[in-house]
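Report on the following structure.
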Amino acid sequence: MAKRNVYVVGVGMTKFEKPASRENFDYPEMVKEAVGKAMKDARISYDAIRQAVIGYCYGDTTAGQRALYGVGLTGIPIYNVNNACSTGSTALMIAKQLVEGGVADCVLAVGFERMARDALTATAYKDRAHPMERHLEVMSETYGFGSGPVTAQLFGNAGREHMQKYGTKPEHFAKIAQKNHRHSVKNPLSQFQDDYTLEQIMKSKPVHEPLTLLQCCPRSDGSAAAIVCSENFVKKHGLEAQAIEILALEMATDFRSTFEEKSNIKLVGYDMSKAAAARCYEKTGLRPTDVDVIELHDCFATNELITYEALGLCKEGEGSKLVERGDNTYGGKYVVNPSGGLISKGHPLGATGIAQCTELCLQLRGLCGERQVPGAKIALQHNIGLGGAVVVALYRHGFPHLLTSGNAGMSRSGGGEGFKCAPAFDAIAETLKINGAKLVPKIRGVFAFDVSGGPNNQKGFWIVDVKNGKGSVRFGEGKGDVTFVASDAVLAAIFSKEMDAQKAFLQGKLKIKGNIGLAMKLKEIQPPSVPKSKL
C-alpha cells in the first residue's frame, strides 16, 4: 500500500521547569497547556483529533488518558509509550505511522514528565532483570564504577574514550556546553537562560571525568505536543503555510557491537545513531551537508560531540575540529541546538523528543525570533534513550513555494515585523479564527497584498485566504484571486481610514490586479479593531 505524506501542523510546549518549582503543574495541567498551544497553532479543536499517542517515563499506567481527559473526552484511542529518553520521539513516530498508513488523518503526539528528585537513580523493580544490566557490565569491564550518577558515568566514559582514541580535549566538550547555554538565552521556554564563560563551565562542580555540572542536563518538568496529519487534512483546513513535512523518521536499537566491541562510545548509542541517520539519508536522498538546523540529544556535552560523527556531520574522530571551526553554531555550517538543547533547555524525559520537533518546526516556519536560523530549509532531529533506542528524523517545509526568500518569518498572522500595516493583518487573522467558517462560504476568494516601502525599504507580501478551510493569513509569497499593490504607509493609512481607498486608487497610490468584484468584499473581513476602509 502506498504510504501517505505526513505533516506537523501544530506544535506547543510548556516552559521547562525545575521539578516541583511551579505551583499547579501536575502532569494533567502541563499536558493541557502544551496541547492547547498546539491546537491553537493548528487552528483545530480536539474533536478533529482521531487518535493520540502519549509518552512518559515516570508515572502510572494510563496516565496518558488522565492527562488528555482534561482536554477532551471524545472516546478516541490513546496509546501510552515508555522508551527511555527517546520516549517523545517514539510517540511521534507512532503518530506518523498511523497517519502514513491511513489509519487516521489527524493524530496527536504528546510527551510529558513530572520528575522526582531521585528519578535518575531510582529503580522501580528490584526482583527482576534491570534493562541496563548488559550496558553496565560493559562499563564495569572497561572503566569500572565511579561514584557519580550512572548516566553521567556512561556518557563521561564515552568522552574519555574519545579523548584517548582521537586526542579530543576537555575544552572541546566544555565549548559545546558553552554554546548551548548561550543559545538558551534567547529561548523563553528554556529551563535555564544563563550565559557562561568557558572557565565557569570547566570549573563548575565535577560530576564524572571529563564532565562538570554545567555540561550535564538537569532534571526537568514539562510537556510538549505535536499535531500530525495527512496532506488531505492539511488542504482541507488551509494549513499549507505552516505544514512541516516529516521526510523520514527512523528508529534503531542496539546492535551486537554495543556489547561485543567493549567500546563506551558504542555503548551510549553511536551505532544506533549512525544506522538511523543513514536510513534517513537513504530514504530522502539528502546528505548531511544539506542539513541547516539540528536538535541533537545533548544529555551530556560528550554525547553531542560523539553524535556529530555518528550523524555524518564530520568524519569519525573529527568532532573536535567541527567544534573548533564553529560549525555547530550561528555563522557555521550547522546550527546545533538553537533551543539550548537538553543541557540548558532542560530534559523532562518524555517531553524531550517532541520539544525537539517543536523547535525544528518553528525554525522551518521562520518563527524563532532572535534565535532564528537564517534560511533554514532542512532540519534534523536526534533523540536517544539508553537501553536502547535512537530516533532520527528529517524535516522540511511541506509547501516551500509559500516561503519568502531567506525564510523571513512566515505564519498565519505573524511575519512582516516592522511593517506599519502588519497589525491590520494580525487583526484580520483573529477575525478569521472566530468567524472564518461563516466567511469562507460567503466570500470564496484569496486576497494578495504586494507591499513596498517596509522597514529598511523591504518588500512584503501577505496572503489573506478566505477560500479554503476556515481561512488564514500568512506572510509569504503566493497567488491571489485579486492583488492589491501599495506602499506600506499607504496601505496602513487605508486600513486605519486615514486615507480614502477610492482616492488612493484614482491617484495611482493603490493598484488592483485581478477580480475587482472580489476586491470590494475585503471590507467584510476587516475586524472592528481596524476601522473599515472603502475597499
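Tell me, what is the percent relative contact order of the stretch 1-144, built from C-alpha pairs under 8 Å that lie six or more residues apart?
28
Magnitude of the Cβ-charge dipole of the chain, K/R +1 and D/E -1, about the Cα centre, nearest 20 debye?
Charge dipole, the chain, about its Cα centre: 1980 debye, nearest 20.
Rounded to two decimal places and with Rh computed the Kirkwood way over Cα pairs, what is Rg over Rh for the stretch 95-249?
Across the stretch 95-249, the Cα-based Rg/Rh ratio is 1.07.
According to a simple spin-label model (label point 7 Å from Cα along Cα-to-Cβ), what is the distance in nm between Leu506 and Asn232?
Here the answer is 5.3 nm between the modelled labels.
For the ranges 337-349, 100-112, what's the packing order if you count other beta-carbon atoms within 10 Å of each residue, average per peptide, and put the highest first?
In decreasing order of mean packing, 337-349, 100-112 become 337-349, 100-112.
Subtract the Cα-Cα distance of Gln458 and His130 from 0.36 nm times their separation in residues, and report this length gain in nm to one decimal. Provide the component values of the computation, followed by the final result.
Details: separation 328, 0.36 × 328 = 118.08 nm, distance 6.03 nm.
Difference between extended and current length: 112.1 nm.
Under 5 Å between amide hydrogens, which residues at least 5 positions from Cys57 or on another chain qualify, with H placed 1.01 Å from N in the peptide plane?
Gly350
Please compute one quarter of the surface area of the Cα convex hull for the chain and express it in square nanometres.
Averaging across all directions leaves 25.8 nm² for the Cα convex hull.
Using only C-alpha positions, report the orientation-averaged shadow area of the convex hull of the stretch 53-97, nm², one decimal.
Dividing the Cα hull surface by four gives the mean projection, 3.2 nm².
If you stretched the chain out fully between Ala116 and Lys169, how much longer would it get, using 0.36 nm times the residue separation minus the C-alpha to C-alpha distance?
Separation in residues times 0.36 nm, less the Cα-Cα distance, equals 15.7 nm.
Just how far, in whole angstrom, is the stretch 87-107 from the stretch 258-308 if you go by their alpha carbon centroids?
Value for the Cα centre distance between the two parts: 23 Å.
Rounded to the nearest 10 Å², what accessible area does Ser452 have for a 1.4 Å probe in the complete protein model?
Estimated to the nearest 10 Å², Ser452 gives 50 Å².
Based on the Cβ-Cβ distance from Val485 to Leu73, what FRET efficiency comes out when R0 is 51 Å, to the nearest 0.05?
The computed FRET efficiency comes out at 0.55.
No solvent, one uniform scatterer per C-alpha: report log10 I(q)/I(0) for the stretch 123-165 via the Debye equation at q = 0.22, 0.23, 0.34 1/Å, two decimals.
Those come out to -0.78, -0.83, -1.22, one per q.
Can you send over the carbon and sulfur percentage of the accessible area for the chain, probe radius 1.4 Å, protein chains only? Walk me through the numbers before you get to the answer.
Numbers: 10930 of 21820 Å².
Ligands and nucleic acids excluded, carbon and sulfur give 50 percent.
Anything over 24 Å Cα to Cα? Flag those among Lys96/Lys377; Lys96/Lys126; Lys479/Lys503; Lys186/Lys283; Lys433/Lys509; Lys3/Lys283, in the order listed.
The answer is Lys96/Lys126; Lys479/Lys503; Lys186/Lys283; Lys433/Lys509.
Can you compute the charge dipole magnitude of the stretch 273-414 about its Cα centre, using +1 on each Lys and Arg Cβ and -1 on each Asp and Glu Cβ, nothing else charged? Give it in debye, rounded to the nearest 20.
Using only the charged Cβ atoms, the result is roughly 400 debye.
First select every other residue whose beta carbon is under 11 angstrom from the beta carbon of Gly387; then total the charges, Lys and Arg +1, Asp and Glu -1.
For residues surrounding Gly387, the net value is -1.
Between the stretch 50-70 and the stretch 128-142, what is the C-alpha centre distance in whole Å?
30
Can you give the relative contact order of the chain as a percent, counting alpha carbon pairs under 8 Å and 6+ residues apart?
17
Assuming 0.36 nm per residue, please report the length gained on full extension of the stretch Glu260 to Ile516 beyond their Cα-Cα distance.
Values: separation 256, 0.36 × 256 = 92.16 nm, distance 7.36 nm.
Separation in residues times 0.36 nm, less the Cα-Cα distance, equals 84.8 nm.
When N is the residue count of the stretch 1-127, what does its C-alpha Rg come to as a fraction of 2.2 N^0.38 Å?
Expressed relative to 2.2 N^0.38 Å, the Cα Rg reads 1.09.
Using label points projected 7 Å from each Cα along Cα→Cβ, tell me how many nm separate Gln65 and Phe145, to one decimal.
So the two model labels end up 3.9 nm from each other.
For Gln153, what is the net charge nearby, where nearby means another residue's Cβ is under 12 Å from its Cβ and Lys, Arg count +1, Asp, Glu -1?
0
Does the stretch 452-523 classify as rounded, prolate or oblate by the C-alpha gyration tensor (a ≥ b ≥ c root eigenvalues; a/c under 1.5 gives rounded; else a/b over b/c gives prolate, otherwise oblate)?
Here the stretch 452-523 falls in the oblate category.
Roughly what angle does helix 270-284 make with the longest principal axis of the chain, taking Cα atoms, 0 to 90 degrees, to the nearest 10?
30
Putting +1 on Lys and Arg Cβ atoms and -1 on Asp and Glu Cβ atoms, find which of Asn435, Phe425, Gly453 reaches farthest to the positive end of the dipole of the stretch 415-466.
So the residue we want is Asn435.
Just to confirm the number: angle between the C-alpha axis of helix 301-310 and the first principal axis of the chain, 0 to 90 degrees, nearest 10?
Its long axis makes an angle of about 80 degrees.
Where does the stretch 152-207 land on Rg(C-alpha)/(2.2 N^0.38 Å)?
1.27
With θ set to phi - 60° and the Karplus curve 6.51 cos²θ - 1.76 cosθ + 1.60, what are the ³J(HN,Hα) couplings of the stretch 510-518 in order, to the nearest whole Hz, using x for Gly and Pro?
Coupling constants for the stretch 510-518: 10, 10, 10, 10, x, 6, 5, x, 5 Hz.
Using the charge dipole of the chain (Lys, Arg: +1 at Cβ; Asp, Glu: -1 at Cβ; taken about the Cα centre), state which of Ala486, Ser21, Leu247 has its Cα farthest towards the positive end.
The one lying farthest along the dipole's positive direction is Ala486.
Under 1.5 on a/c is rounded, so check that first for the stretch 267-406, then, if it is not, pick prolate when a/b is larger than b/c and oblate when it is not; a ≥ b ≥ c are the square roots of the alpha carbon gyration tensor eigenvalues.
Rounded is the answer for the stretch 267-406, as its axis ratio a/c remains below 1.5.
Need one word for the stretch 244-345: rounded, prolate or oblate. Basis is the Cα gyration tensor (sqrt eigenvalues a ≥ b ≥ c); a/c below 1.5 gives rounded, then a/b vs b/c decides.
Values: a/c = 1.60, a/b = 1.18, b/c = 1.35.
Verdict is oblate for the stretch 244-345.
Out of all DSSP beta bridges with both ends in the chain, state the antiparallel percent to the nearest 5.
70
Which angle from 0 to 90°, rounded to the nearest 10, does the C-alpha axis of helix 27-42 make with the longest principal axis of the chain?
40
What residues qualify as long-range amide H neighbours of Gly398, i.e. H under 5 Å apart, gap of 5 or more or another chain, H built at 1.01 Å from N?
Ala243, Ile244, Glu245
May I ask for the net charge around Tyr330, where only other residues with Cβ less than 10 Å from the Cβ of Tyr330 are counted and Lys, Arg are +1 while Asp, Glu are -1?
Net local charge, Tyr330 excluded: +3.
Report, in deg cm²/dmol and to the nearest 500, the calculated mean residue ellipticity at 222 nm for the chain, where each DSSP H run with n ≥ 4 adds -39500 (n - 2.57) and the sum is divided by the residue count.
It comes out at -10500 deg cm²/dmol, rounded to the nearest 500.
The values are calculated or read from the model by the stated rules, or taken from the named source; none is laboratory data. These numbers were taken from a predicted model, which means no experiment stands behind them. Quick reminder, even Gly has a Cβ in these numbers, built from the backbone with ideal geometry, and neighbours come from all protein chains shown. SASA here: full protein model, heavy atoms, side chains in, ligands and nucleic acids out. Shrake-Rupley method; radii C 1.70, N 1.55, O 1.52, S 1.80 Å.
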